[in-house]
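Below: one structure, written as structure tokens.
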Amino acid sequence: MAEIDPLIANNDLPPSKSELKRQMAERQKLAEALSLLTSDALKSIPIDEELRDAIAQTSRVRSFEGIRRHKQYLGKRMRALSDEDIAAIKKQLEVIEGPGRVETAKLHRLERLRERLLQSDEALQELITKYPALDIQSIRTLIRNAKKEREANKPPKAYREIFQYLRELEV
């Protein structure tokens, strides 16, 4: 029976080459995300001034090859950071981007509700039961007009008005 290597048994092996490449790509993408931030938002990220300046210079690079090389340079600088630093950067980035994501999710939810309202009467009944103060006549009129607009290939005026109405309800 072969003897098991103690390093393998304890999972103390260094990361594989593939894992290192994944980490490098992840850190490069993080640097790219940081380069899209405004200067005020970038100031709130916990990084040293040298790296902050390098990230800020990204917007000044114009050529395709220059952008590619600069992104690689940023990735190399990010690889020098510890895992704790990367975690802190990701956490702050989520704080900065968080409200935008929540708002986008809300708008997508309203769009899905609008489509359901146009597809079935059950969605309207659910909305009425959820919001008893709803102006039923006006929402029905908007839905009917939006359906007519679709059939006649007209501009989606009522379709947009439904979205605005739902947004005001804060569904």
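The values are calculated or read from the model by the stated rules, or taken from the named source; none is laboratory data. In this text, all values refer to a predicted model and were calculated from it rather than measured experimentally. Virtual Cβ from ideal backbone geometry, glycine too; neighbours counted across all protein chains shown.
Among (1) modelled with pLDDT under 90; (2) within 26 Å of the chain's Cα centre (by Cα); (3) surrounded by 10 or more Cβ atoms within 10 Å (Cβ to Cβ), which single condition is Gly100 missing?
In the conditions (1) modelled with pLDDT under 90; (2) within 26 Å of the chain's Cα centre (by Cα); (3) surrounded by 10 or more Cβ atoms within 10 Å (Cβ to Cβ), Gly100 misses (3) alone.
Hey, among the residues in the range 153-163 that are of a type in the set (D, E, K, R) and assigned to a helix (DSSP H, G or I), which one's surrounded by the fewest Cβ atoms within 10 Å (Cβ to Cβ)? Before the answer, list the steps.
Of all residues in the range 153-163, those of a type in the set (D, E, K, R) come to 154, 157, 160-161.
With the extra rule that they be assigned to a helix (DSSP H, G or I), the set shrinks to 157, 160-161.
Numbers: Lys157: 11, Arg160: 14, Glu161: 16.
The selected residue is Lys157.
Please work out if Arg150 is surrounded by 12 or more Cβ atoms within 10 Å (Cβ to Cβ), of a type in the set (D, E, K, R) and part of a helix (DSSP H, G or I). Give the steps one after another, and end with the answer.
Values: surrounded by 12 or more Cβ atoms within 10 Å (Cβ to Cβ): yes; of a type in the set (D, E, K, R): yes; part of a helix (DSSP H, G or I): yes.
So Arg150 fits the description; yes.
Which residue is surrounded by the fewest Cβ atoms within 10 Å (Cβ to Cβ), if the candidates are limited to the range 62-90 and must be in contact (Cβ under 8 Å) with a residue 40 or more places away in the chain, closer than 14 Å to Gln28 by Cα and not charged (D, E, K, R)? Reasoning before the result, please.
Start the filter on the range 62-90 by keeping residues that are in contact (Cβ under 8 Å) with a residue 40 or more places away in the chain, which leaves 71-72, 74-75, 77-79, 81, 86, 88-90.
Subsequent filtering for residues that are closer than 14 Å to Gln28 by Cα retains 71-72, 74-75, 77-79, 81, 86, 89-90.
Then drop every residue that is not not charged (D, E, K, R), which leaves 72, 74-75, 78, 81, 86, 89.
On the way: Gln72: 13, Leu74: 22, Gly75: 18, Met78: 25, Leu81: 17, Ile86: 16, Ile89: 21.
If we take residues in the range 62-90 being in contact (Cβ under 8 Å) with a residue 40 or more places away in the chain, closer than 14 Å to Gln28 by Cα and not charged (D, E, K, R), then Gln72 is surrounded by the fewest Cβ atoms within 10 Å (Cβ to Cβ).
Confirm whether Leu166 is in a helix (DSSP H, G or I) and either surrounded by 14 or more Cβ atoms within 10 Å (Cβ to Cβ) or touching a Pro at 6+ places or on another chain (Cβ under 7 Å) (or both).
Details: in a helix (DSSP H, G or I): yes; either surrounded by 14 or more Cβ atoms within 10 Å (Cβ to Cβ) or touching a Pro at 6+ places or on another chain (Cβ under 7 Å) (or both): yes.
Taking the combined requirement at face value, the residue satisfies it.
Please go through the range 124-147 and give me each residue that is touching a residue at least 24 places away in the same chain (Cβ under 8 Å) and part of a loop (DSSP other than H, G, I, E, B), ordered by number.
Tyr131, Leu134
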